[in-house]
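Please read the structure below before turning to the comments.
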Amino acid sequence: MKIRMERIASDDELGTTGIMFIDDEFAGFTIEDEYREEKVDGETRIPAGTYEIKLREEGGLIQKYRARFGDWHKGMLWLQDVQGFKWIYIHAGNTTEHTDGCIIVGYGAMHLPLQAPTVMASRPCYEIIAQIVHEAIASGDTVSIEILDRDR
């Protein structure tokens, strides 16, 4: 399975908005931290590129998400081998305050001048994306995400 995320708008101090597709079908909008030449922990988006996604079955978020979404939620959607970053996930949230370098998904997005980008309906969007990815991984498929910078 291939996920594609296209970054479409960014602000050098407030964040990045994008669109996510699963096998070329619209899956939702995304928000991330802003682009930086030099990484600042918890405030920098990951580099564009292609990353495998695996399930991380340990850590604090897994218990929180299993309680929120149910027993089908076997692990966090974890991007592998992101140079200079650790524990990068696709997850629910509403603003870049919720990201720490991760990718937040939602069904609606706002990217207004002089305001941090936000997504709406994040939990239902995440739930659908996560179920699709969980099922693909359970069936033995390799899941990858390609991240493209269309905003620079």
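The values are calculated or read from the model by the stated rules, or taken from the named source; none is laboratory data. As the structure is a prediction and not an experimental result, all values here were calculated from the model. We place every Cβ from the backbone using ideal geometry, glycine too, and count neighbours over all the protein chains shown.
Which residue, of G59, G49, is surrounded by 13 or more Cβ atoms within 10 Å (Cβ to Cβ), at pLDDT below 95 and either among the small types (G, A, S) or in contact with a helix residue (DSSP H, G or I) (Cβ under 6 Å, 6 or more places away or on another chain) (or both)?
Criteria check complete, one pass: G59.
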Task: Qualifying position, being touching a strand residue (DSSP E or B) at 6+ places or on another chain (Cβ under 7 Å) and among the β-branched types (V, I, T), among T50, T44 - done: T50
Open item on the list: I'd like the residue in the range 61-111 that is within 14 Å of the chain's Cα centre (by Cα) and of a type in the set (S, T, N, Q) and, out of all such residues, is nearest to P47 (Cα to Cα).
Closed with: Q80
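Determine which member of the set T50, T17 is among the β-branched types (V, I, T), in contact (Cβ under 8 Å) with a residue 24 or more places away in the chain and farther than 30 Å from P113 by Cβ.
T50
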- [ ] Determine which single condition K86 fails, assuming it passes every other condition in (1) among the basic types (K, R); (2) farther than 22 Å from E135 by Cα; (3) in contact with a Gly (Cβ under 8 Å, 6 or more places away or on another chain).
- [x] (3)
Task: Counted residues, the range 24-40 - those being exposed (fewer than 12 other Cβ atoms within 10 Å of the Cβ) and either in contact (Cβ under 8 Å) with a residue 12 or more places away in the chain or within 27 Å of T142 (Cβ to Cβ) (or both) - done: 3
